[in-house]
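The values are calculated or read from the model by the stated rules, or taken from the named source; none is laboratory data. None of these values were measured; they are calculated from a predicted model. Counting neighbours? That spans all protein chains shown, and the Cβs are built from the backbone with ideal geometry, glycine included.
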Amino acid sequence: MKASLQRLAERAESEGLLDVAYTTIDSPFGPLLIAATAKGLVRVNLPAYDPEETLEELAARVSPRVLEAPGRLDEARRELDLYFEGKLTEFGLPIDWQLTDGFRKKVQRAINRIPYGQTRSYTDMARSAGNERAVRAAGTACGSNPIPIVVPCHRVLRSGGGLGGYGGGLPMKEALLKLEGVL
């Protein structure tokens, strides 16, 4: 069955009928659904989120031509595996930012520049995005990040150093920060 799905994905891609490729990968936190377009990684779905809802969102917001195509995501799988093993400190994956816009996109791009093993505050993120008073909006941008882990919103903390929130849950955020040597 897997071979026939792979052939179907390859044929769809060769005929220009595959706009969004996705697969599910294992992580220390549970399965992650990852998706990419020709431009790059467009979605990382944390275990706390329903994969079917994510696929519906991708079909509605990106393209209805969504197909499971694990081969298209081999590099993303490899980099995420290396990251979880503590062997990768900087992702080299291209990113497709189309699921975000406006101030949120500015904040998420700023988050993407936070180096491994470092943290920033929500205030820092608001300032980096051009409006230091928009701290709550920066928090919302973190919470709506479509590419967590790769765009490391887990590195954003409250001004006093508290963890704040995280879509994957605070235990996951804490574990990611421990992996990076922050905690």
It is to be established whether one or more residues within the stretch 45-58 are under 13 Å from the mean Cα position of the chain (by Cα), under 28 Å from Glu85 (Cβ atoms) and among the polar types (S, T, N, Q). yes
When the residues of the stretch 152-179 are narrowed to those that are in contact with a strand residue (DSSP E or B) (Cβ under 8 Å, 6 or more places away or on another chain) and buried (at least 17 other Cβ atoms within 10 Å of the Cβ), which ends up farthest from Gly86 (Cα to Cα)? Gly164
Residues being surrounded by 15 or more Cβ atoms within 10 Å (Cβ to Cβ) and in a loop (DSSP other than H, G, I, E, B) - total across the stretch 133-143: 1
One residue is enough: does the stretch 142-154 have a residue meeting the conditions more than 14 Å from Val44 (Cα to Cα) and not aliphatic (A, V, I, L, M)? no
Condition check: assigned by TED's automatic domain parsing to the domain that holds Gly160 and either of a type in the set (Val, Ile, Thr) or closer than 22 Å to Arg155 by Cβ (or both). Does Ile111 satisfy that? yes
Within the stretch 36-55, restricting to residues that are buried (at least 18 other Cβ atoms within 10 Å of the Cβ), in contact (Cβ under 8 Å) with a residue 24 or more places away in the chain and not hydrophobic (A, V, I, L, M, F, W, C), the one that is nearest to Gly165 (Cα to Cα) is Arg43
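Residue-wise test of (1) touching a residue at least 60 places away in the same chain (Cβ under 8 Å); (2) over 28 Å from Asp26 (Cα atoms); (3) touching a Gly at 6+ places or on another chain (Cβ under 8 Å); (4) not aliphatic (A, V, I, L, M).
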site: Leu88; (1), (2), (3), (4): no, no, no, no
site: Val135; (1), (2), (3), (4): no, yes, no, no
site: Val156; (1), (2), (3), (4): no, no, yes, no
site: Gly162; (1), (2), (3), (4): no, yes, no, yes
site: Leu177; (1), (2), (3), (4): no, no, no, no
